[in-house]
1. Quick check on region 1-106: take the gyration tensor over C-alpha atoms, sort the square-rooted eigenvalues as a ≥ b ≥ c, and tell me if it's rounded (a/c under 1.5), prolate or oblate.
2. Compute the length gained on full extension between LEU20 and ALA226: take 0.36 nm times their separation in residues and subtract their Cα-Cα distance, giving the result in nm to one decimal.
3. Please name whichever of PHE130, ALA141, LEU152 sits farthest to the positive end of the charge dipole of the chain, dipole taken about the Cα centre and charges placed at Cβ: Lys and Arg +1, Asp and Glu -1.
4. Quick one: helix 72-83 against the long Cα principal axis of the chain, what's the angle to the nearest 10°, folded into 0 to 90?
5. Given H placed 1.01 Å from N in the peptide plane, which residues other than close sequence neighbours of LEU31 have an amide H under 5 Å from its amide H?
6. With a Förster radius of 25 Å, plug the Cβ-Cβ distance of SER136 and ASP85 into 1/(1 + (r/R0)^6) and report the FRET value to the nearest 0.05.
7. Please enumerate, by chain and number, the lysines with C-alpha under 19 Å from the C-alpha of LYS47, excluding those fewer than 8 residues away in the same chain.
8. Cα to Cα, under 17 Å, and not fewer than 8 places away if on the same chain: which lysines meet these conditions relative to LYS306?
Amino acid sequence: MSPLFNPTARAELQLLHDPLLRDYGVRLRVLRLDSFFPQLSGNKYFKLKYNLQQARQLGYRQLLSFGGAYSNHLHALAWAARECDFDAVAVVRGERAAQLSPTLQDALDWGMRLHFVSRSDYRRRAEADFLSDLQSRLGPAFVIPEGGSNLLALRGCAEIIAHLQGAEAGCQQLFLPCGTGATLAGVVSGLSSPAPKVVGVSVLKGDFLSKDVSRLLAQAGIVRSAVDWRIEQRFHHGGYARCSRELAHFIRDFSSRTGLALEPVYSGKMFYAIYQMLAAGEIALGSELLAIHTGGMQGLRGMQEKMDKLLLTSG
Ligand SMILES: *Cc1c(COP(=O)(O)O)cnc(C)c1O
């Protein structure tokens, strides 16, 4: 395996300095997966690790996966594939735009092939005949599902816990943002008691995530987890990749108080959730909290304009 996946470095665990947190009487430490690897950002490193290892062991030369034009997953996969000498092909949702998104442009520059499919075809991305059709067109490939979310991802995400270096034992709650919930399932599977309660902040509208996480955990052989976890569904701000005026203002104010940069798709919604719950008195005074900054800052390039517009309206 490439040295990429044998790091000796540890992700930084940063105590957040924010007068507001002092007022609420809590301590919040942030696991900085966003700065763990500059190009292979955040949780995607952990989700891809054993997928690439498995692909190599099975003798595949090419990796195939799915995503939208701003996908952190495709961005990370393109980089990891190049580092580990795989060919990579992305099945991208929707028409090819005249000007590629910065995300896809990076992927292309790193050697990833881009295969655009209609939104209706994209919906078939888990169907066996669609997958074999894709492979007969694009060549045999190790297929990684959208977001990289499979059992191999769980195994990799369980290793996030080691980066907490035991800090989790003395904490009451651990927060992370959830898209598919695979990272949360991996984190839950990697914890041993005494463990904090794990709170996944859903960045999507809908109430399917708890079921999805339970299914992933069951696939990993965990039917009744000893770790208490739940999905928080109140803070999606309209749905995936949607941003509200409140969220844009929150991110700007948070970053200027703490110096920590957020993006609106994942980390922004997670920290927003924590601060809303603090303000509502839902988190006990004196709590020790952990949050995982899962990265994804590359995606900000596609949203800055929208964010700036939202900031022009007063909060
Ligand atoms: C992909 C991603 C997530 C979501 O991870 P899931 O395992 O799908 O829940 C969270 N944060 C960032 C920055 C991501 O890129």
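Every number in this text was worked out from the coordinates using simple rules, so none of it is lab data. Quick caveat: nothing in here was measured; it's all calculated off a predicted structure. Heads up, the Cβs are rebuilt from the backbone with ideal geometry, glycines too, and the neighbour counts pull from every protein chain shown.
1. Here region 1-106 falls in the oblate category.
2. Once the chain is fully extended between LEU20 and ALA226, it gains 70.9 nm.
3. Checking the options against the dipole of the chain, the answer is PHE130.
4. 60 degrees
5. For LEU31, whose amide H was placed from the backbone, the distant partners under 5 Å are GLN14, ALA291, ILE292, HIS293.
6. With a Förster radius of 25 Å, E is 0.60.
7. none
8. LYS269
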